[in-house]
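One structure below.
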Amino acid sequence: MSRLSFTLEKESPGSQARAARFQTAHGEVRTPVFMPVGTQATVKNMNVEGLKALGAQVLLANTYHLLLRPGPDVFRKFGGIHRFMNWDRPVLTDSGGFQIFSLPESRVMTEAGARFRSYVDGELHFLSPESSIEMQRAIGSDIMMVLDQCIASTASHAEAEAAMQLTHRWAERSLRARGDSPQALFGIVQGACHRDLRLRSAEFLRALPFDGLAIGGLAVGETHEQRYEFTGIATEQLPKHLPRYLMGVGTPIDILESVHRGVDMFDCIIPTQLAQRGTAFTSHGRIHCRRSVHKFSDTPLDAACACSTCRDYSRAYVHHLIKSDEVLGWQLLSIHNLAFYQKLMAEIRAAILSGEFSSYYERQRVALVREDEANPAVPPAPARTQKVPRRGDYDIVTSPQGFSSIRQLSSGEVMHSVSAPADEANRLYIEQSRLAARLRRRQPDDAEPLVVWDVGLGAASNAMAAIHRVESELAAAGPAALRPLQIVSFERDLDPLILAARHASHFPHLRHGAPHGLLNKGRWGHSSGLIDWQLLRGDFLEHLEAAPAPDVIFYDPFSSKTDTALWHTDVFARLHRHCAPRPAELYTYAAGTAVRVALLLAGFYVAEGVGTPPKATTTVAYTRLDGRTADADSPRLLGPEWLARWRRSGSKYPAGLSEAEQTAFERRIETHPQFSFPNRA
């Protein structure tokens, strides 16, 4: 029996849109409803009187933030959040799952819950399904949310399935922890952008005694089209007799599209967040109040709006406040934007009840994406193109062929300038190292992991190529046929990966949960247990001897012009010593004589690797020769032809060598053991 006495009033013909009402301890709620976000028991720049005047029915507060400050004891003293913030209408509390997902490298997830470090005072806290419910009971919200594991909507199927199953187990624990509390409790449907997982999650949760069901894990990386698709997939599986809540969504058009697909409840920070940036939603389209076109305008923001901002202030004044960074400008736009949202919800509800939602939807799906119609933006001059995404010393460049790469601004070097990152990674590192064959078990008990070093993580194209290959092999052969893969990535500057991950639409290989897990925790493991990806952040030379000895090395730092220290003979010699006594192979894009000579002097056997445009060849190096290097199709060892070219080279010695040192240097190259293999020439 639901604690909300949910009543479905009307379903729209030709749409999944519906109008309903339900009763809470602090009043009735009429849906569809938008809940302003009062994360820390306050909606930014708004007081409760103003929120009531705008018609806000429900506020959302966040368990994670309120746990850290002011803490449960304060709420117990005041008898809950309503008296504490002087709000006598309903409150919904989020569980804190999304905030834990959003934390940087400061939380550890286990079956029991999440341990994280407070951004307030640095203290360690533990949030479990039980403690989240305990905190929400102390807050005294009308509607509580279960603790869930939120992951990127673009996560792989295996990662999304593992998170979904954990969310289901936590949902059952949350129900038990709720006990006989009169507060309502909602479950959360997860499954990222995987249809089968969304269907399974909805099926599991609708069988449990929840008072409502939410759709989580959207608006965290997917496209608008995917958001609408997976919202509809979920709502089609949810029971009609319970409210449906789409968490963290969204823009006015997102809300309209989601109501059309059967959603009842929404929350989002967008109305106040965009207000801070000077943006207003109006019946004329979206207005950017920083634009100088508003400097002398004595008209209101929206002539069709009756809010106090539109009634009492001109566009010119709001423009002045925003340009001056005055807090009042943020407040006036927050009032207006929240009024716009409440008016939109009232219109949607009225259209559903009157049976006219379908025609309303067709009009508004065009109107809600308009920009300022009265003052269209002047087309930019050719030089003022769209701002290139940038972070630190890096930006994103797009090739004429349509693929994107990361560029270092200080050196001008581009990671994968001619071939698409994934294509180059597969050809140079994955195919050439025969990664798939190496991962197949030779014996049933062959469980020793294959260790791959990824030197120069960059935007993770090489590591992700390896992960994608393992996932392909898993799908084809099953886990019993494969050895574990341990990837150790070395990187001192994470800006390239952070930049690429934030713009994953440019980088298809990053549409996966692994890079986000690596950035958040420094480590990511595949749900099968067959992949362990570790990040060693800092100078490669400081970590070299401490890392597990590799079987395969993807050597991909910037070139010797930019990253000189990593291409010296002494570095390769340290690497060679660390690999001994097990055989190891090194693959790199560099094919210059200086690099190959450095590898030879370090003790490696050096061969020509496959070409990757614009390079005709790349380089492969072995710590020792064995059956692998004797294969007919293996990379060809450098032989007499290369040696003859080296002898003729005008720069065959490192700079600064004396004549005696040059003679010794030349002798070491000439007497290298690999040049006694003429059959490999």
- Query: Gain in length, A591 to S399, computed as 0.36 nm per residue apart minus the alpha-carbon separation, to one decimal in nm?
  - Reply: 66.8 nm
- Which of G609, C310, S128 sits closest to the plus end of the dipole of the chain, meaning its Cα is farthest towards the positive end, when Lys and Arg get +1 and Asp and Glu get -1 on the C-beta? C310
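Scanning the chain for chymotrypsin sites (Phe, Trp or Tyr not before Pro) in DSSP loops with at most 14 other Cβ atoms within 10 Å, what's the longest stretch left with none?
Details: sites that count: Y119, F296.
After excluding every exposed loop site, the longest remaining stretch is 297-681.
So how many Å³ per residue does the convex hull of the Cα atoms of the chain work out to? Show your work: numbers first, answer last.
Numbers: hull volume 129.3 nm³, N = 681.
It comes to 190 Å³ per residue, whole-number rounded.
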- Does anyone have the angle between helix 195-206 and the longest principal axis of the chain? Alpha-carbon axes, 0 to 90°, nearest 10? 40
- Using a Förster distance of 22 Å, how high is the FRET efficiency between S5 and E203, based on the Cβ-Cβ distance and rounded to 0.05? 0.30
- Note on the structure: Of all GluC sites (Glu not before Pro) in the range 260-365, the ones in DSSP coil with at most 13 other Cβ atoms within 10 Å are E326, E356
- If you keep only loop residues by DSSP, which GluC sites (Glu not before Pro) in the range 222-277 have at most 13 other Cβ atoms within 10 Å of their Cβ? E236
- Task: Taking H placed 1.01 Å from N in the peptide plane, check which residues at least 5 places from I215 or on another chain put their amide H under 5 Å from its amide H.
- Result: V189, Y245, L246, M247
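Assuming R0 = 35 Å, what is the FRET efficiency of D493 and S292, from their Cβ-Cβ distance, to the nearest 0.05? Before the final figure, lay out the partial values.
Numbers: r = 39 Å, r/R0 = 1.11.
Taking R0 as 35 Å, the efficiency between D493 and S292 is 0.35.
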- Per the chain, cysteines lacking a partner by the 4.7 Å Cβ criterion: C150, C193, C268, C289, C307, C579
- Give, as ranges by residue number, the residues of the range 13-33 whose backbone N falls under 17 Å from the point 7 Å along Cα→Cβ of S181. 24-26
- Positive-end extreme of charge dipole, the chain - chosen from L600, P36, H416 (charges on Cβ): P36
- Message: Modelling each spin label as a point 7 Å along the Cα-to-Cβ direction, I'd like the R441/R365 distance in nm, to one decimal.
- Response: 5.1
- Task: Starting from the Cα-Cα distance between S118 and E236, subtract it from 0.36 nm times their residue separation and give me the gain in nm to one decimal.
- Result: 38.6 nm
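Semi-axes of the equivalent ellipsoid for the range 272-375, please: Cα gyration tensor eigenvalues, times 5, square-rooted, ordered largest first, whole Å.
In descending order, the three semi-axes are 27, 14, 11 Å.
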- Message: Out of the GluC sites (Glu not before Pro) in the range 123-192, which ones are loop residues according to DSSP with at most 16 other C-beta atoms within 10 Å?
- Response: E123
- Inter-label distance for L657 and V388, nm, one decimal - labels placed 7 Å from Cα along Cα-to-Cβ: 3.9
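Can you compute the equivalent ellipsoid semi-axes for the range 188-245, i.e. the square root of 5 times each eigenvalue of the Cα gyration tensor, sorted largest first and rounded to whole Å? The partial results should precede the final answer.
Working: eigenvalues 73, 24, 17 Å².
So the equivalent ellipsoid measures 19, 11, 9 Å along its semi-axes.
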- Note on the structure: Note, the range 614-622: 3J(HN,Hα) by Karplus (6.51, -1.76, 1.60, θ = phi - 60°), whole Hz, Gly/Pro = x, goes x, 7, 6, 9, 10, 10, 10, 10, 10
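Of K44/K521; K52/K343; K52/K295, which sit over 21 Å apart, Cα to Cα? Walk me through the numbers on the way to the answer.
Numbers: K44/K521 31 Å; K52/K343 13 Å; K52/K295 31 Å.
The pairs that break the limit, which is 21 Å between Cα atoms, are K44/K521; K52/K295.
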- If amide H atoms are built 1.01 Å from N in the plane of the peptide, which residues on other chains or at least 5 residues away come under 5 Å of the amide H of R492? G538
- Item | Inter-label distance for T299 and T223, nm, one decimal - labels placed 7 Å from Cα along Cα-to-Cβ | 3.6
- Kirkwood Rh over alpha-carbon pairs of the range 1-125 plugged into Stokes-Einstein at 4 °C, 1.567 mPa s gives a D in µm²/s of 77
- Helix 357-367 versus the longest principal axis of the chain: what angle, 0 to 90°, nearest 10, using Cα atoms? 50
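We did not get these values from a lab; they are worked out from the coordinates using the rules stated. All values reported here derive from a predicted model rather than from experimental measurement. All Cβ positions, even for glycine, are placed from backbone atoms using ideal geometry, and neighbour counts span all protein chains on display.
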